[in-house]
Amino acid sequence: MSAVAPIAGRRPSLVARAWNGTALPVTIVVLIIVAVWYVAAVFMNAPQEYDKAGRAGQTLTVSDLVTRTMAQERPVLPAPHQVVVELWDTTINKNITSKRSLVYHAWVTLSATLAGFAIGTVLGVGLAVFIVHNTAADRSLMPWIIASQTIPILAIAPMIIVVLYNIGLSGLLPKALISTYLSFFPVVVGMVKGLRSPDSMQLDLMRTWNASAAQTFWKLRWPSSMPYLFTSMKVAVAISLVGAIVGELPTGAVAGLGARLLAGSYYGQTIQIWSALFMAAGLAATLVALVGVAHSMVLRRMGQAE
Amino acid sequence: MQHQSITTGGVIAARDLSLTFQTNDGPVHALSDVNLDIGKGEFVSFIGPSGCGKTTFLRVIADLEQPTGGQILVNGMTPEEARRARAYGYVFQAASLYPWRTIEKNIALPLEIMGVSRSEQRERIARVLDLVDLAGFGKKYPWQLSGGMQQRASIARALAFDADLLLMDEPFGALDEIVRDHLNEQLLKLWDRTNKTICFVTHSIPEAVYLSTKIVVMSPRPGRVTDVIDSTLPKERPLDIRETPEFLEIAHRVREGLRAGHSYD
């Protein structure tokens, strides 16, 4: 390392940054996916149309086929614009308190996700602190924590719902706990590593100053673990959303994105399924991005511009 | 070999000090029957090839390793008592500054741990930054400083709580020759001004001779002291003292000691 001050140059323009950054590659990939999707939609929905035309004694031209496969009410694979129209219709054109509004369902899932993520993060950090400071806990808890994640969540989610319902808990909390079940894991693993990341020299220094365990924790281990915390929180928030959606499936599909998925598959509403999926993906991306923003804010406060 | 009862006058007194590590390949004798006295205000260098126990000896003084035999007193106390009394500052080979703290916050760290008041922290930080010639760099982060400056900051941190004993484990080992010369000169001035006792581990003969009032030559397998040389050089030492016959004579004796230690390998 040398004592060179950061070069104070002019910031490149927005266009230049977009061009040099990730915007262009991402756009190209999206365009390719959309193109492949359109082609796939025509091919997958075509048998239905041939069937219909055959029964009516018609022959289909190529352009007829293409337009009809993209305008089915219950297509095998809806065309992208059908999903976009459905998304627009159920978010912008519906009152958000309505049960037909996707925003309402997204909020139901999001609230369980956030509750589960918060509980999972606190639980994960707590377990990690315990494991790092206690060798018995390290040996006894870690195998169970890893084993907990080998059980398929689809198998355990109904049992959690049923058990909690029988002790009088229903609504948000059971779903949140399924999110917790998934999200605490990356936080424990990441934070155990993070809290152990100070090297022996730094720990020796603390010892030479006769620092207490609490001082070593707050002044060394905790700040050292921040990059690990945020990285595992990014994973945790995304799988919290998965947990909340899975948790909605066995409740009888009352509300939430999981309910939309389930209802959609009951009634063959593929467009509804796909729009719920996109809403879930958008939500997950937003949540991960928000954790990323929090991460860079904390890093900047710690003097480590990234 | 002397076998006398420990007197409590000196800063460090070691009697038949031994430390054996149990490893999978059998015991390793890191220190074997070390006898040494270090008086107040001395600048003592420990020199020898790797595995001779020079770092281990420093770590025993610092209560970072436990001896398996013999006795050692630091300021008349056991190393553990001395550590609890914050009797020494330790400087490692790497600066080991916290990247998320500015230089002054890094220096404040031991002071925070020791419960020094804010105003006194500020006062001490200003004083030690001045001592290591880093005044004006307090608000910088470690990555904004060169390696030599970082190491000076870590020395400032070790000086901040005003321990009388400074333990330095190859503090300039990772730096280039020119920076090292400069820091050696500064360290001598600092030692002269503060009247601290310094234990300095190095593997450079010129560095050891230039800095020390006493040079402890050690050799490995088992780690032991083979020679203790009291320097005849004056306290005032410009860099070109290294070309005087006196200097070369001491350097020669150190080299002889190191060679003797190596002969029955």
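The values are calculated or read from the model by the stated rules, or taken from the named source; none is laboratory data. If you're wondering where the values come from, they're calculated on a predicted model, not measured in any experiment. In this analysis, Cβ positions are derived from the backbone assuming ideal geometry, glycine residues included, and neighbour counts consider all displayed protein chains. When the accessible area is computed, the model is the full protein with side chains, heavy atoms only, and any ligands, DNA or RNA have been set aside. Shrake-Rupley method; radii C 1.70, N 1.55, O 1.52, S 1.80 Å.
Summary of computed values
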quantity: Members of the range A:208-221 that are more than 7 Å from chain B (Cβ to nearest Cβ), farther than 10 Å from A:Ser197 by Cα and either without any contact (Cβ under 8 Å) to a residue 24 or more places away in the chain or touching a strand residue (DSSP E or B) at 6+ places or on another chain (Cβ under 9 Å) (or both); calculated: A:Ser212, A:Ala214, A:Thr216, A:Trp218
quantity: Extreme residue, nearest to the other protein chains (Cβ to nearest Cβ), among residues of the range B:70-101 that are in contact with an Asp or Glu (Cβ under 7 Å, 6 or more places away or on another chain) and charged (D, E, K, R); calculated: B:Arg83
quantity: Residues located in the range B:37-58, provided they are open to solvent by 10 Å² or more (accessible area, probe 1.4 Å) and over 17 Å from B:Gly173 (Cα atoms); calculated: B:Asp37, B:Gly39, B:Lys40, B:Gly41, B:Glu42
quantity: Qualifying residues in the range A:180-232 (those that are assigned to a helix (DSSP H, G or I), surrounded by fewer than 23 Cβ atoms within 10 Å (Cβ to Cβ) and small (Gly, Ala, Ser)) - the one nearest to the chain's Cα centre (by Cα); calculated: A:Ser224
quantity: Filter result for B:Asp230 (closer than 17 Å to B:Phe247 by Cβ, surrounded by fewer than 18 Cβ atoms within 10 Å (Cβ to Cβ), acidic (Asp, Glu) and at pLDDT 90 or above); calculated: yes
quantity: Condition broken by B:Ile107, with the remaining ones in (1) assigned to a strand (DSSP E or B); (2) out of contact with any strand residue (DSSP E or B) (no Cβ under 7 Å at 6 or more places or on another chain); (3) not acidic (Asp, Glu) satisfied; calculated: (1)
quantity: Output for the range B:102-131, where each listed residue is hydrophobic (A, V, I, L, M, F, W, C), over 10 Å from B:Arg157 (Cα atoms) and out of contact with any Asp or Glu (no Cβ under 9 Å at 6 or more places or on another chain); calculated: B:Ile113, B:Met114, B:Val116, B:Leu131
quantity: Failed condition for A:Val235, given (1) more than 14 Å from chain B (Cβ to nearest Cβ); (2) open to solvent by less than 20 Å² (accessible area, probe 1.4 Å); calculated: (2)
quantity: Lone qualifier among A:Lys52, A:Lys99 - being touching a residue at least 24 places away in the same chain (Cβ under 8 Å) and of a type in the set (D, E, K, R); calculated: A:Lys99
quantity: Among (1) within 28 Å of A:Ser200 (Cβ to Cβ); (2) surrounded by 19 or more Cβ atoms within 10 Å (Cβ to Cβ); (3) not acidic (Asp, Glu) - the single one A:Ala276 does not satisfy; calculated: (1)
quantity: Wholly within the range B:142-245, strands (runs of 3 or more DSSP E) carrying at least 1 residues that are charged (D, E, K, R); calculated: B:165-169, B:214-219, B:224-230
quantity: Residue, surrounded by the most Cβ atoms within 10 Å (Cβ to Cβ), within the range B:125-134, restricted to residues that are of a type outside the set (A, V, I, L, M, F, W, C) and away from chain A (no Cβ under 14 Å); calculated: B:Arg127
quantity: Any chance B:Leu58 is closer than 29 Å to B:Met149 by Cα, free of Cβ contacts under 8 Å to residues at least 40 places away in the same chain and not basic (Lys, Arg); calculated: no
quantity: Residue in the range B:97-109 that is over 24 Å from the mean Cα position of the chain (by Cα), aromatic (Phe, Trp, Tyr) and within 24 Å of B:Gly173 (Cβ to Cβ) present; calculated: no
quantity: Qualifying residue in the range A:95-111 (condition: open to solvent by 60 Å² or more (accessible area, probe 1.4 Å), under 30 Å from A:Thr216 (Cα atoms), outside any loop (DSSP other than H, G, I, E, B) and in the same structural domain as A:Phe278 (by the TED database)); calculated: no
quantity: Condition broken by B:Glu112, with the remaining ones in (1) closer than 30 Å to A:Arg300 by Cβ; (2) part of a loop (DSSP other than H, G, I, E, B); (3) facing chain A (nearest Cβ under 10 Å) satisfied; calculated: (2)
quantity: Given (1) at the interface with another protein chain (Cβ under 10 Å from one of its Cβ atoms); (2) of a type outside the set (S, T, N, Q); (3) open to solvent by less than 20 Å² (accessible area, probe 1.4 Å), index of the condition B:Lys105 fails; calculated: (3)
quantity: Which listed residue is surrounded by 18 or more Cβ atoms within 10 Å (Cβ to Cβ), in contact with a Ser or Thr (Cβ under 6 Å, 6 or more places away or on another chain) and among the aromatic types (Phe, Trp, Tyr), from B:Tyr98, B:Tyr141; calculated: B:Tyr141
quantity: The range B:135-164: number of residues that are more than 9 Å from every other protein chain (Cβ to nearest Cβ), closer than 29 Å to B:Ala82 by Cβ and either more than 21 Å from the chain's Cα centre (by Cα) or aromatic (Phe, Trp, Tyr) (or both); calculated: 0
quantity: Neighbours by Cβ (under 8 Å, 6+ apart or cross-chain): first from the range A:141-158, assigned to a loop (DSSP other than H, G, I, E, B); second open to solvent by 50 Å² or more (accessible area, probe 1.4 Å); calculated: A:Gln149/A:Phe185
quantity: Filter result for B:Pro171 (in contact with a strand residue (DSSP E or B) (Cβ under 7 Å, 6 or more places away or on another chain), crowded, with 18+ Cβ neighbours inside 10 Å and over 19 Å from A:Thr216 (Cα atoms)); calculated: yes
quantity: Selected residue [within 14 Å of chain B (Cβ to nearest Cβ), touching a Phe, Trp or Tyr at 6+ places or on another chain (Cβ under 8 Å) and touching a residue at least 24 places away in the same chain (Cβ under 8 Å)] from A:Ser197, A:Ser224, A:Ser240; calculated: A:Ser197
quantity: So B:Ala251, is it among the small types (Gly, Ala, Ser), farther than 20 Å from B:Thr55 by Cβ and modelled with pLDDT of 90 or more; calculated: yes
